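Trainee: The structure under discussion is supplied below as structure tokens; questions concerning it will follow.
Where a number appears in this text, it was derived from the coordinates with a stated rule and is not lab data. Bear in mind that the values here come from a model prediction, so they are computed numbers and not experimental data. FYI the Cβ positions are ideal-geometry reconstructions off the backbone, even for glycines, and counts take in every protein chain you see.
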Amino acid sequence: MRIARCTAGHYCVPREVWWPEGPIGASLYEISHVELVTLELETEDGVAGFGFTYTVGRGGSAVRALLEDEIAAELVGRDPRDAEAIWDELHAKLHFVGSSGVAAVAIAAADIALWDALARAEGLPLHRHLGSHRVELPAYASAVNLALSTAELVEQMTGYLERGFSSFKMKLGRAAREDVERVRVVREAVGPECGLMVDANMAWDVAEAGRRLHALEPFDLAWLEEPLPPWDVDGYVRLQRATTVPLAAGETLFAPYEFGPYLRAGAIRIPQPDVIRLGVTGWRRVAAAALAHGLPVAPHFIPEIHIHLACAIPNALTLEYLPIFERILEEPLEVEAGIARPPERPGHGMRFAEDVLLPHRVSVKEVLLR
């Protein structure tokens, strides 16, 4: 089952294509477009696999270059059944250009394609190939757009409530009093029984985060996500010890070893691994480490793949439903009454609509077995 062909693609897609409702903002940035970097592979016996990663508008050409120049050549001729060994080898070979960041997300795209091929070779959905622990998972509605006015935010949250969701997440990062007022209004709108999470996107230092948390604790938050930069593990430890609100982080951690200090120090209570940073291989290693520390896992974004991974581990807490890419997918994930179920088609089942992406293609390159 050798890989005979790898094709890397690079697309730069304006926000108006995938989210025409209006601007998307967070505490540190506004997203005007996303870059999708894809990898398609095919084995000698015709088994296909698809993987991808994305950026919020910068660095996609660097990811594409690594996939084209380094990773695709390493994959061609290899057996997808060696996916975990290939993940380790790629991290070792790219160590001196950094085992985090650009290298990590490029490896993740390849790793996702390998696992997709493995499941498709068996004719199984990815969660069944990995070994299912469940076939459904509660999802929370992620209304994470700081550009929304308070009224628009409430309208979006109540719309999700009417669709059957019972847990919600919103962005923080405005002035302190305004953030608190927005949380108060949303809590009032969704009611006291619903779960409410907040996401600061690394907006604060320890002192500011502590001050904000003191004001937010009365609203019974399920978690506070990324209050601090990812390198400040000690800050997370001090903050977690000072609050009853669970801290969550992980979307800006790119390798299992980056989660290690957080887990060993008790810096967070809810790890949030992201398959786009870690690949399937790295994601599952983080989930296993979290389980060993008695912690649940709440994956970040990309629900179409994460539903498979979360259903294949015993410590999945919830799934983030964030429908940003739905308009550019062939088959979006179906979530009914706040419950997500993995599709039963072979592989992870996530494919972008080529007719939508084609006008935004930057480049495509094929690497063949010789």
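Trainee: In whole Hz, what ³J(HN,Hα) sequence does segment 62-73 give by Karplus (6.51, -1.76, 1.60; θ = phi - 60°), x for Gly and Pro?
Mentor: 5, 4, 4, 4, 5, 4, 6, 8, 10, 6, 4, 5
Trainee: For a footprinting-style exposure proxy, rank K169, K365 by other Cβ within 10 Å, fewest first.
Mentor: K365, K169
Trainee: In a solvent-free Debye calculation with one equal scatterer on each Cα, what is log10 I(q)/I(0) for segment 134-184 at q = 0.13, 0.14, 0.19, 0.21 Å⁻¹, listed in the order of the q values?
Mentor: Values returned for q = 0.13, 0.14, 0.19, 0.21 Å⁻¹ are -0.34, -0.39, -0.64, -0.74.
Trainee: Note down, for the chain, the three equivalent ellipsoid semi-axes (square root of 5 times each alpha carbon gyration tensor eigenvalue), biggest first, whole angstrom.
Mentor: The equivalent ellipsoid of the chain has semi-axes of 34, 22, 20 Å.
Trainee: How big, on average over all directions, is the shadow cast by the Cα convex hull of segment 168-226, in nm²?
Mentor: The directionally averaged projection comes out at 3.4 nm².
Trainee: Compute the whole-percent fraction of alpha carbon pairs in segment 296-352 spaced more than 13 Å apart.
Mentor: In whole percent, the share of Cα-Cα pairs in segment 296-352 beyond 13 Å is 58.
Trainee: What net charge is computed for the residues neighbouring G173, neighbours being all others with C-beta under 12 Å from the C-beta of G173, Lys and Arg scored +1, Asp and Glu -1?
Mentor: Charge balance in the 12 Å sphere: -3.
Trainee: Find the Cα radius of gyration of segment 220-370, compare it with 2.2 N^0.38 Å by division, and give the number to two decimals.
Mentor: 1.18
Trainee: In percent, what relative contact order does segment 128-340 have, based on Cα pairs under 8 Å that are 6 or more apart in sequence?
Mentor: 24 percent
Trainee: Only residues of segment 226-260 count here: report those whose backbone N is under 14 Å from the spot 7 Å along Cα→Cβ of E217, or say none.
Mentor: Backbone N within reach: 239-247.
Trainee: Right, here's the next one. Starting from the 7 Å offset along Cα-to-Cβ, what nm value, one decimal, do you get for the label separation of R361 and S32?
Mentor: Those two pseudo-labels are separated by 2.5 nm.
Trainee: Quick one: net charge of I86's neighbours, Cβ under 13 Å, K/R +1, D/E -1?
Mentor: -4
Trainee: Using only the alpha-carbon atoms of segment 128-340, report the extent along each of the three principal axes, biggest first, to the nearest angstrom.
Mentor: 48, 40, 29
Trainee: For H91, H306, which order do you get if you count the other beta carbons within 10 Å of each Cβ and list the fewest first?
Mentor: Ascending number of Cβ neighbours within 10 Å: H91, H306.
Trainee: Summing +1 for each Lys or Arg and -1 for each Asp or Glu, what net charge is found among the other residues whose Cβ lies under 11 Å from the Cβ of Y262?
Mentor: Counting the neighbours of Y262, the net charge comes to -1.
Trainee: May I ask what percent, to the nearest 5, of DSSP beta bridges between residues of the chain are antiparallel?
Mentor: If I count the DSSP bridges inside the chain, around 60 percent turn out antiparallel.
Trainee: Could you calculate the contour length gain from L368 to E181, that is, 0.36 nm times the residue separation minus the distance between their Cα atoms, to one decimal place in nm?
Mentor: 61.6 nm
Trainee: Select from I112, I339, I305 the residue whose mean-square fluctuation is largest in a Gaussian network model of the chain (Cα-Cα springs shorter than 10 Å).
Mentor: The residue with the greatest mean-square fluctuation here is I339.
Trainee: Moving on to the next point. Could you list which residues have their amide H under 5 Å from that of V362, counting only those 5 or more apart in sequence or on another chain, with H placed in the peptide plane?
Mentor: For V362, whose amide H was placed from the backbone, the distant partners under 5 Å are H10, Y11, C12.
Trainee: Run the numbers on the chain and let me know its relative contact order in percent, using alpha-carbon pairs under 8 Å that are six or more apart.
Mentor: With pairs under 8 Å counted, the relative contact order is 23 percent.
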